[in-house]
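Everything on this sheet refers to the single structure shown next.
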Amino acid sequence: MSELKTHKTINILYIFSFRSTIASWEKSGFLDREIKFFEEVSKNIDVKFHLLTYGNKKEKEILNNSNLEVLPIFDDFKNSSKIINLMKSFIYPLLNYKKLSYIDVIKVNQLSGSWVGLFFKFLLKKPLFIRTGYDAYLFSKYEKKPKYKQILFKRLTAIILKFADLYSVTSRSDEKFILDNYKFNNSKLVLRPNWVDTSYEFSQSNFDNRKCKLLSIGRLETQKNFMFLLKSLKDTGIEIDIVGSGSLKKNLIEFAEANNIKLKILDKVSNSEILNMLKNYKYFILPSLYEGNPKSLLEAMSSGCLVFASNINNNTEVIKDSYNGFLFGFDENFLKELLTSKILNDTNYSKILKNSLNDTRQNNSLDSLVNLEVDDYSLLINKKN
């Protein structure tokens, strides 16, 4: 871990992605996870995080932590339409930068909202750190968004890469895509995968006593490819529980009922509850069409599940077929045969499960990612000093 060349408290302006709030983090079940990361960083260095959110004054009532200050953008404005809120996000730095002159580093949680960080960088003359969980331009192409939106995301990424002092990605695939598609100082690009709880210790008896069911986690939208999964489960007798919500919920339930597939959909489950759930299932599957660095897959691996994942970029960085899990293409018959051969046969998977746990400990532990975060702050502050 790098040493900070300062003895004062480090003040980090942590800017939420556009329209995100403490309340939305809490609703989605991610609040406890994010707070835990802030707390672990605070144990390593003398730091205070100032969380710039798109909420209102009620945001301050949700958090009670001396190392975290909530700065809701809409303290000064009434919440209104998306366009008006976008305009306000441009105005906020101009109105408030003098109050934040004590800030040492500006960090933005995603590309969406990065313009706020960029304005603060120019106004405060402090280093800017952009964290991305996926490449927004690449995802906009996958999702077939209108051409003008694709161009907008690409131009915004190019601008941010030019002016940011540090830009992190979560996968080697995203790293390669950015290096191949943008011109910028490559030294500011760093790889920072997602972290997961790696405290679980493998136990064969624990695995044997788990539910002999498939579990999957994700939004009920096209990207997650759950309809393909259900079609592959026809006539297998394999039961599937899905944690998630979205516009395809009704379609998935109707298809499952029409084809006698035992499907249960669970929504409004917090991240801490999901971690407990994972330790009760033998099998986890991620059939996505595209992903960033797949957090749910990593959490399943670190919780002792036998995992199955679609053979796509980013999944293949995590899963080595038949070594720490199983990969499959988008062929219903192939997936059906794979699942029935692995789930319905009484096979010992202890070696694969141990490999899976060891890989997440090596690459995705909280301690290792906290150390990298501290190194990043040290680099930016020492360079500034």
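Here the chain is treated with +1 on each Lys and Arg Cβ and -1 on each Asp and Glu Cβ, and its dipole about the Cα centre works out to around 1420 debye. Note on the stretch 1-147: Kirkwood hydrodynamic radius from all Cα pairs is 16.3 Å, rounded to one decimal.
Taking all Cα pairs closer than 8 Å and separated by 6 or more residues, the relative contact order of the stretch 204-363 comes to 23 percent.
Remark: for residue pairs 145/176; 27/295; 36/176, the C-alpha separation exceeds 28 Å in 36/176.
The Cα center of the stretch 296-355 and the Cα center of the stretch 194-214 differ in position by 14 Å.
For the stretch 243-302, the list of chymotrypsin sites (Phe, Trp or Tyr not before Pro) that fall in a loop by DSSP and count at most 10 other C-beta atoms within 10 angstrom is empty.
Of the residues 301, 74, 356, the one whose Cα sits farthest towards the positive end of the charge dipole of the chain is 74 (charges of +1 on Lys and Arg Cβ, -1 on Asp and Glu Cβ, taken about the Cα centre). Ignoring aspartates and glutamates fewer than eight residues from residue 125 along the same chain, the ones with Cα atoms less than 14 angstrom from its Cα are 104, 165.
In a reduced charge model with +1 at each Lys and Arg Cβ and -1 at each Asp and Glu Cβ, the stretch 255-385 shows a dipole moment near 280 debye about its Cα centre. Taking a spot 7 Å from the Cα of residue 155 along the direction of its beta carbon, which residues of the stretch 93-120 have an amide N less than 18 Å from it? Counting backbone N atoms under 18 Å from the label point, the list is 111-116, 118-119.
Measuring between their Cα centroids, the stretch 218-273 and the stretch 50-67 lie 35 Å from each other. Along its first, second and third principal axes, ordered by size, the chain spans 65, 44, 43 Å in Cα coordinates. Annotation: extensible slack from residue 368 through residue 247 equals 39.9 nm (criterion: 0.36 nm per residue apart, minus Cα-Cα distance).
Each semi-axis of the equivalent ellipsoid for the stretch 204-363 is √(5λ) with λ an eigenvalue of the Cα gyration tensor; in descending order they amount to 22, 17, 16 Å.
Taken about its Cα centre, the stretch 1-132 carries a charge dipole of about 440 debye when Lys and Arg each add +1 at the Cβ and Asp and Glu each add -1 at the Cβ.
Reported to the nearest whole Å, the Cα centre-to-centre distance from the stretch 91-109 to the stretch 357-381 is 26. Using a Gaussian network model of the chain in which every pair of alpha carbons under 10 angstrom is joined by a spring, one finds that among 324, 96, 225 the greatest mean-square fluctuation is at 96.
For the pair residue 163 and residue 83, a Förster radius of 30 Å applied to the C-beta separation gives a FRET efficiency near 0.75, rounded to the nearest 0.05. Aspartates and glutamates within cross-link reach of residue 268: Cα-Cα under 17 Å, excluding same-chain residues under 8 positions apart? Those aspartates and glutamates meeting the cut-off are 26, 32, 221, 241.
We did not get these values from a lab; they are worked out from the coordinates using the rules stated. What you see is a predicted model, and the numbers here were worked out from it, not measured in a lab. Cβ coordinates were reconstructed from backbone atoms using ideal geometry, including for glycine residues, and neighbour counts include every protein chain displayed.
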